[in-house]
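Trainee: Following this message is one structure expressed as structure tokens.
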Amino acid sequence: MAKQANLGDLEIVSSPLLSVLQDLHSKYKSLQEGAVANYIPELAKVNPDLFSICIVTVDGQVYEVGDYQQLFTIQSMSKVFAYGLALEDHGRDYVLTRVGVEPTGEAFNSIILDERSKRPYNPMVNAGAIATTSLIKGDGATERLNRVLEMFRRYTGHDVFVDMSVFTSERSTGHRNRAMAHLMLNFGMIDQNIEEALDLYFKQCAVIVNCHDLAVMAATLANKGINPITGERAVDHQYIKDILSVMYTCGMYNFAGEWAYTVGIPAKSGVCGGIFAVVPNQIGIGVFSPPLDVRGNSVRGVEVCQALSQQLCLHLFECGGSSKIKSEE
Ligand code: GLU
């Protein structure tokens, strides 16, 4: 099933964008490698055959194929948006005192802090994401959660909800994340009640989205922080460069360097099997396919993004922002 909005305004050199997505979907749907995440018991119940690809342009056109309405929890991809909210709440300088911007080369759930500064390395690994979420302002847990949900509403263009089964499943098994929070409390990197910070982090990870939403959220970042479908600003323009920089260097777990080298655009993946990628001033990409490789990235998602980058010339240092996607004057 494919949907297309106003293909006439968009032209791809050699092939319409929707056909590119359809071809990639048929090519990779038979790829059977990887395994769905099971360390959060609820996530193990997902159907591994689900597969969707969606592109949204900064002028609000939508191209999508496959199961793009299938709901799933956003997981690690939430870290990007929470980082933006923490930056808005405290400013760049303060956030940098609590969370660094260095890639770790380690797994997303490593229990490590920067030896010298005692900060978590970056906001895309779990330790950094928990520290980031603990910075979100609000008078009590409910107000903080409401601010997170309101932020996701601006990015997606609709109200969002927490999947309480996934939340409780992670809260009752997330001992590594709890250990990280205790370590950061020890070094004064988290101020507030750590159980409250962890609850908010687990809830933000359990926010329900679909592949279409991922592409709209990515397109919002591509469009300087304005949702291209609703026209509403989701995040202060001044923090787009901070957000995209950490996505570029740290967004794809310990595959981030190879991703930057081969795909060449800021992206973030999650253990749900989602990946979203941002081509600044052009498009947002969402891919969903639950089976993961050993680093935790969606197997089909990585293949699709590598192919899209090559076919559409999306690598930032190859095409310098002039990809084969051209809006008509
Ligand atoms: N909630 C998950 C965790 O903290 C997110 C992990 C991910 O998607 O990388 O383990």
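The values are calculated or read from the model by the stated rules, or taken from the named source; none is laboratory data. Values in this document were obtained by computation on a predicted structure and should not be read as measured data. Please note: Cβ atoms are built from the backbone with ideal geometry, for glycine as well, and neighbour counts cover all protein chains shown. Surface areas here come from the heavy atoms of the whole protein model, side chains and all, with no ligands, DNA or RNA. Shrake-Rupley method; radii C 1.70, N 1.55, O 1.52, S 1.80 Å.
Trainee: Order TYR83, TYR121 by their accessible area, 1.4 angstrom probe, all chains in place, largest first.
Mentor: On the way: TYR83 10, TYR121 60 Å².
Ranked list, largest accessible area first: TYR121, TYR83.
Trainee: Here is a follow-up. If you take the charge dipole of region 139-233 about its Cα centre, with +1 on Lys and Arg Cβ and -1 on Asp and Glu Cβ, which of MET151, ALA219, VAL207 is farthest toward its positive end?
Mentor: It is ALA219.
Trainee: Next question. Considering only C-alpha atoms, what is the centroid distance from region 104-167 to region 35-62, in Å?
Mentor: Taking the Cα centre of each part, region 104-167 and region 35-62 sit 20 Å apart.
Trainee: Okay, moving on. At 4 °C and a viscosity of 1.567 mPa s, what translational diffusion coefficient does Stokes-Einstein give for the chain, taking Rh as the Kirkwood radius over Cα pairs? Give it in µm²/s as a whole number. Mind showing how you got there, number by number?
Mentor: Details: Rh = 19.4 Å.
Answer from the Stokes-Einstein relation: 67 µm²/s.
Trainee: If you place +1 on the Cβ of every Lys and Arg, -1 on the Cβ of every Asp and Glu, and leave all else neutral, what size is the dipole of the chain about its Cα centre, to the nearest 20 Debye?
Mentor: Details: 27 positive and 36 negative charges, 79 e Å.
That gives the chain a dipole magnitude of about 380 debye.
Trainee: Give me P(r) over region 101-145, computed from all C-alpha to C-alpha distances, binned every 5 Å, as integer percentages.
Mentor: Pairs per bin, as whole percents: 5, 22, 28, 17, 10, 11, 6, 0.
Trainee: Helix 211-222 versus the longest principal axis of the chain: what angle, 0 to 90°, nearest 10, using Cα atoms?
Mentor: It is inclined by approximately 80 degrees.
Trainee: On a C-alpha basis, how far is the centre of region 276-300 from the centre of region 183-255 in Å? Whole number, if you could?
Mentor: That distance is 15 Å.
Trainee: Might you tell me the accessible area per residue for the chain, computed with a 1.4 Å probe and given in Å²? It would help to have the intermediate numbers written out before the result.
Mentor: Values: 12890 Å² over 329 residues.
Result: 39 Å² of accessible area for each residue.
Trainee: For LYS203, give me every one of the lysines with a C-alpha distance below 25 angstrom, ignoring sequence neighbours fewer than eight places off in its own chain.
Mentor: Output for LYS203: LYS45, LYS79, LYS137, LYS268.
Trainee: Still on this structure, please answer the following. Consider just the alpha-carbon atoms of region 36-114 and return their Rg together with their Dmax, both in angstrom.
Mentor: 17.2, 44
Trainee: Do the sum for the chain: with -39,500 (n - 2.57) for every DSSP H run of n ≥ 4, divided by all residues, what is the mean residue ellipticity at 222 nm, to the nearest 500 deg cm²/dmol?
Mentor: Values: 12 runs with 135 residues, N = 329.
Taking each H run of at least 4 residues, the total per residue is -12500 deg cm²/dmol.
Trainee: Moving to a separate point now. If you take the alpha carbon radius of gyration of region 185-322 and divide it by 2.2 N^0.38 Å, what ratio comes out, to two decimals? List each step's numbers first, then the result.
Mentor: Numbers: Rg = 15.8 Å, N = 138, 2.2 N^0.38 = 14.3 Å.
Relative to the rule-of-thumb radius for its length, region 185-322 sits at 1.10.
Trainee: What's the carbon and sulfur percent of region 1-160's accessible surface, probe 1.4 angstrom, rounded to a whole number? Present the calculation step by step, with values, prior to reporting the outcome.
Mentor: Working: 3290 of 6890 Å².
Of all accessible area on region 1-160, carbon and sulfur atoms account for 48 percent.
Trainee: Further, regarding this structure: Which value, in nm² and rounded to one decimal, describes the direction-averaged projected area of the C-alpha convex hull of region 187-266? Don't jump to the answer; show the numbers that get you there.
Mentor: Details: hull surface 29.5 nm².
Average projection, Cα convex hull of region 187-266: 7.4 nm².
Trainee: So, one more: At 0.692 mPa s and 37 °C, plugging the Kirkwood radius over alpha-carbon pairs of region 69-159 into Stokes-Einstein gives what diffusion coefficient in µm²/s? If you can, show how the numbers build up before the last one.
Mentor: On the way: Rh = 13.9 Å.
My calculation gives 236 µm²/s for D.
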